[in-house]
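A.B. asks: Questions regarding the structure given below will be posed in turn.
The values are calculated or read from the model by the stated rules, or taken from the named source; none is laboratory data. This one's a predicted model, so the numbers in the text were calculated from it and none came from an experiment. Cβ placement follows ideal geometry from the backbone for every residue including glycine, while neighbour counts extend to all protein chains displayed. Side chains are part of the model used for accessible areas, which takes the heavy atoms of the whole protein and leaves out ligands, DNA and RNA. Shrake-Rupley method; radii C 1.70, N 1.55, O 1.52, S 1.80 Å.
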Amino acid sequence: MNRRRFIAASAAALALPSLVRGEKISVLKFVPLGEPPSLDPIATSSFDARCQAFMMFDTLYGQAGAEQGFVARPQMVAGHTIENDGKTWTLMLRDGLMFHDGTKVLARDCVASIRRWGARDYCGQLLMQRTDELTARDDRTIVFRLNRPFAVLPDALGKFGINMCAMMPERLASTDPFKPITEVVGSGPFHFKADERVPGSLSVFERFDGYKPREDGKPDFISGPKIVHFDRVEWHINPDQTTVIEALQTGEIDWDEYALDDLLPKLRRNSRISVQRVGSTGYWAQMSVNWLYPPFDNPAIRRALMGAIDQTEFVTAVAGADPSAWQVPTGFFPPGTAMASDAGLSALTSPRDPGKVRSDLKAAGYRGEKVVLVVPANAFALKAFSAVAANTMRKAGMDVDEQVMDSATWFRRILSKKPPSEGGWNALCGALQGTDALSPANHSLLAFPGWPNSEKIKALRDQWLETPDVTAQRQIAAAIQAQAFIDVPYYPLGTYYPATAFRSDLTGVLDGQAIFWNVRRQV
């Protein structure tokens, strides 16, 4: 997670006059984590892009919140049928779906959108591997013909995690999934005002009057009726948290997506400000290592280093000493979620002994190879985790080369399979929301970055995908975690819980991320 992004933006951006401000226009002013590198949620894995995407694009299903076990509920679909022993799924679109350009949402648009998503997303790739045929039977009917059962199909199409399966017109969905779309047309509750965008400073979204919310259920996370109460939402980009907090307290802005922890006590003392934890599953930190090159191509070395990981050191570096702001130990699934277990956790909870780790590393075959640790300079949390990681590896006797770079370079670098000496890498620290790893189906870190390739984990994952029974799924997930402590696809570094802050006259703020439907201003 990127708590502060040093994007070129003037502090005065918060005071920019609205082009349509007036007594009859309701405006919500929001300061996000940062500015997304793209408005295309398929071509980028940015949290900010995902947050904007859920404003502009709708999904076939929508993930409910923690109280409902994060189960996927029908969103754009009216419902579905399952036949042929779970290998034929027929999805029916509901009435009234409209794109922002005034055209109707058709099944062929959805088929093209699913294919584009399936080329990039980890869960989508798993689904596409099991899909023999994906067709639009008619304007409202989507048919999956699978070669193997895929019990979590609705969860895949309606997941909150990166990358979300955004429905867009066929002409846009036909764009190369590795290239961002050049026009933003969705069917979500807001449409993007491209003519008002000021790069590095301002993005504007207006309520889409053609949007028809679901008529059943209740708003819960990204499921249920998406009813918008603001005519306009303005994203003001500002990296200076001091300026942002002052603007929040004076009412110049309404909402600060992520308030830094050292500023939270001041905000909690202000009766005009509400502070709310972001996401019941929190954010979980991890250090990925490159399986392609020494030293981490050696599983014994990966296992030996696990003994040096002190999760408390990592989470306190970002969330502070207050234990209510973090949770350890964290295994390979978020604490408190359905697939979490204590399988293998002794690898993290046993006493930390750097001297023993040095001996274990030497016995495993470590011969002083340089470890290139790539660090994004303008990502607060990742930079802090990286500092702890570098110190941890050095205490264990490893030769660490910290290479700090801007975020754009870092994103490109982690995609490289070149040797570390030629522009590749050995290790990197990252953070994702717990919703990005609720199950083996959406847990992309089991495969990327670092190109981990455990045949045993993949076999267990395939078994999990074909198992509809939750109790059996939990047993398989526990086996996956136990195997992960042996193969070490990455190092779990702990869970932490950031906070969002907004004016107390706002009600209906949903859990999970910045969600702009259901929220309204009290009068």
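A.B. asks: With every protein chain present, what is the per residue accessible area of the chain (1.4 Å probe, Å²)?
C.D. replies: Details: 20080 Å² over 523 residues.
Result: 38 Å² per residue.
A.B. asks: Computed on alpha carbon atoms, what radius of gyration and Dmax characterise the stretch 46-92, expressed in Å?
C.D. replies: 13.6, 40
A.B. asks: Heavy atoms only, 1.4 Å probe, whole protein assembly: order D138, D58 by accessible area, highest first. Present the calculation step by step, with values, prior to reporting the outcome.
C.D. replies: On the way: D138 75, D58 0 Å².
So, going from the largest accessible area down, we get D138, D58.
A.B. asks: Another question, then. Take the solvent-accessible surface of the protein heavy atoms, probe 1.4 Å, and return the percent of it on the chain that carbon and sulfur atoms account for.
C.D. replies: Details: 10150 of 20080 Å².
The value for the chain is 51 percent carbon and sulfur by accessible area.
A.B. asks: Rounded, prolate or oblate: which one fits the stretch 395-515, using the alpha carbon gyration tensor with axes a ≥ b ≥ c (rounded when a/c is under 1.5, else prolate when a/b beats b/c, else oblate)?
C.D. replies: Details: a/c = 2.15, a/b = 1.07, b/c = 2.00.
Oblate, because a/c is 1.5 or more while a/b does not exceed b/c.
A.B. asks: Collect residues whose amide H, placed 1.01 Å from N in the peptide plane, falls under 5 Å from the amide H of G494; neighbours closer than 5 in sequence don't count.
C.D. replies: A285, T330
A.B. asks: On a straight-distance basis, which lysines could pair with K159 in a cross-link, Cα separation under 25 angstrom, same-chain partners fewer than 8 positions away excluded?
C.D. replies: K87, K104, K179, K212, K218, K226, K458
A.B. asks: To continue, here is another question. Working only with C-alpha atoms, what are the Rg and Dmax values of the stretch 138-177, expressed in angstrom?
C.D. replies: Gyration radius and largest Cα-Cα distance of the stretch 138-177: 12.5, 30 Å.
A.B. asks: When all C-alpha to C-alpha distances in the stretch 19-80 are sorted into bins of 5 Å, what percent of pairs does each bin hold, rounded to whole numbers?
C.D. replies: 4, 15, 14, 16, 19, 17, 9, 5, 1
A.B. asks: Taking only the C-alpha atoms, wrap a convex hull around the stretch 22-175 and report its volume per residue in Å³ as a whole number. Could the numbers behind the result be given before it?
C.D. replies: Numbers: hull volume 22.2 nm³, N = 154.
Hull volume over Cα atoms, normalised by residue count, gives 144 Å³.
A.B. asks: To continue, here is another question. Once the convex hull of the alpha carbons of the stretch 148-201 is built, what does its volume come to per residue, in cubic angstrom?
C.D. replies: On the way: hull volume 8.1 nm³, N = 54.
Cα convex hull per residue, to the nearest whole number: 150 Å³.
A.B. asks: Still on this structure, please answer the following. Taking 0.36 nm per residue of sequence separation and subtracting the Cα-Cα distance, how much length would be gained by fully extending the chain between V470 and D406, in nm to one decimal? Write out the running numbers ahead of the final one.
C.D. replies: Values: separation 64, 0.36 × 64 = 23.04 nm, distance 4.25 nm.
18.8 nm is the gain from fully extending V470 to D406.
A.B. asks: Work out, in µm²/s and without decimals, the Stokes-Einstein translational diffusion coefficient of the stretch 63-144 at 20 °C, 1.002 mPa s, Rh from Kirkwood over C-alpha pairs. List each step's numbers first, then the result.
C.D. replies: On the way: Rh = 13.9 Å.
Calculated translational D: 154 µm²/s.
A.B. asks: What shape does the stretch 369-430 take by its C-alpha gyration tensor, where a ≥ b ≥ c are the square roots of the eigenvalues and a/c under 1.5 counts as rounded, a/b above b/c as prolate, and the rest as oblate? Intermediate results must be reported in sequence, preceding the final value.
C.D. replies: Details: a/c = 2.50, a/b = 1.13, b/c = 2.21.
Note, shape of the stretch 369-430 comes out oblate.
A.B. asks: List the residues whose amide H sits under 5 Å from the amide H of M98, counting only those 5 or more places along or on another chain, with H placed 1.01 Å from N in the peptide plane.
C.D. replies: Amide H to amide H, under 5 Å and 5 or more residues apart or across chains, M98 pairs with V105, K212.
A.B. asks: Could you give the size of the charge dipole of the chain about its Cα centre, using +1 on the Cβ of each K and R and -1 on the Cβ of each D and E, expressed in debye and rounded to the nearest 20?
C.D. replies: That gives a dipole near 500 debye.
A.B. asks: With every protein chain left in place and a probe of 1.4 Å, what is the accessible surface of T242, to the nearest 10 Å²?
C.D. replies: 90
A.B. asks: Heavy atoms only, probe 1.4 angstrom, no DNA, RNA or ligands counted: give me K193, K266, K362 ranked by accessible area, highest first. Please report the intermediate quantities before stating the final value.
C.D. replies: Details: K193 45, K266 90, K362 145 Å².
Correct descending sequence by accessible area is K362, K266, K193.
A.B. asks: A further question follows. Can you pull the three principal axis extents for the Cα set of the chain, in Å, largest first?
C.D. replies: Principal extents (Cα only, largest first): 70, 60, 41 Å.
A.B. asks: Still on this structure, I have one more. When a/c reaches 1.5 or more, the comparison of a/b and b/c decides; with that in mind, is the stretch 187-305 rounded, prolate or oblate per its Cα gyration tensor?
C.D. replies: Numbers: a/c = 1.96, a/b = 1.49, b/c = 1.32.
The shape class here is prolate.
A.B. asks: If I ignore ligands, DNA and RNA and count only protein heavy atoms, how much of S174 is accessible to a 1.4 Å probe, in Å² to the nearest 10?
C.D. replies: 90
A.B. asks: Not counting ligands, DNA or RNA, and with a 1.4 Å probe, what is E313's accessible surface area in Å² rounded to the nearest 10?
C.D. replies: Counting only protein heavy atoms, the figure is 70 Å².
A.B. asks: Right, next: State, as an integer percentage, the relative contact order of the chain based on alpha-carbon contacts under 8 Å between residues 6 or more apart.
C.D. replies: The normalised contact order for the chain reaches 21 percent.
A.B. asks: Next up: Any idea what diffusion coefficient the stretch 300-401 gets from Stokes-Einstein, in µm²/s, Kirkwood Rh on alpha carbon pairs, 10 °C, 1.306 mPa s?
C.D. replies: On the way: Rh = 14.9 Å.
Result for D is 107 µm²/s.
A.B. asks: Please give the length that would be gained between I82 and R145 if that part of the chain were fully extended, namely 0.36 nm times their separation in residues minus their C-alpha to C-alpha distance (nm, one decimal).
C.D. replies: On the way: separation 63, 0.36 × 63 = 22.68 nm, distance 1.03 nm.
Length gained between I82 and R145: 21.7 nm.
A.B. asks: Contour minus end-to-end for S416 and F448, with contour as 0.36 nm per residue of separation and end-to-end as the Cα-Cα distance? Mind dumping the intermediate values first?
C.D. replies: Details: separation 32, 0.36 × 32 = 11.52 nm, distance 1.17 nm.
Value of the extension gain: 10.4 nm.
A.B. asks: Still on this structure: For R73, list long-range residues whose amide hydrogen, built 1.01 Å from N in the peptide plane, is under 5 Å from its own amide hydrogen.
C.D. replies: Result for R73 returns G62, Q63, A64.
A.B. asks: Ordering D256, D401, D209 by accessible area with a probe of 1.4 Å, largest first, what comes out? Walk me through the numbers before you get to the answer.
C.D. replies: On the way: D256 0, D401 50, D209 140 Å².
Listed by decreasing accessible area, they come as D209, D401, D256.
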